[in-house]
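What follows is a set of notes on a single structure, which appears directly below.
Each value in this text was obtained by applying a stated rule to the coordinates, not by laboratory testing. Quick caveat, the model's predicted, so the values are computed rather than measured. So basically every Cβ, Gly included, is an ideal-geometry build from the backbone, and we count neighbours across all protein chains shown.
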Amino acid sequence: MRSLASYLLLFFMIMFWVFRIVVAFTSAFAIDIGFAPLDLNFEIVLLFVTLLSILFVAKRKLIGAILYLVSYGLYFGVDLYSIVMNILNGSTTLVDYTRALVSFIGVVLPTVLFLNMLVDRNRTNHPVDKKTDWFYKGDQYDRKLDDRLDKNQYRNY
């Protein structure tokens, strides 16, 4: 994790996970805070899957981003689709809009995280370092080194 975007996405991922813990906790104890989980049992399983994916994303493993994208896409994507259909039909309430906001965040955050991991993976595999690339990737240095080794001259002139 070298870029600020990677750190911020991991931070937002953890913040959203903590928010989902609070929502599940308040729903289990019948406290109304304005947000409710779609399915409490699946929400608890999703919290553990998210914890596992947070650990993988912190270690910059692509499987963590894929796991996060698939699990949140299945959980929040279906709900977002049904809410958008309700909004288009005209039968909406304030609860639908808050669920739509949370579901939208639940779909967009894993998508952006997955795209960031793909872009960052390419940068990590093929890094560009301007301080040393002129020396190690220069053909002129390689030719001079090869000529010197062919003549068995060990002194540097």
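Take the Cα of residue 85, step 7 Å toward its Cβ, do the same at residue 119, and the gap between the two points is 3.4 nm.
In cubic angstrom, how much convex hull volume per residue do the alpha carbon atoms of the range 3-92 span? Write out the running numbers ahead of the final one.
On the way: hull volume 10.2 nm³, N = 90.
Convex hull volume per residue, Cα atoms: 113 Å³.
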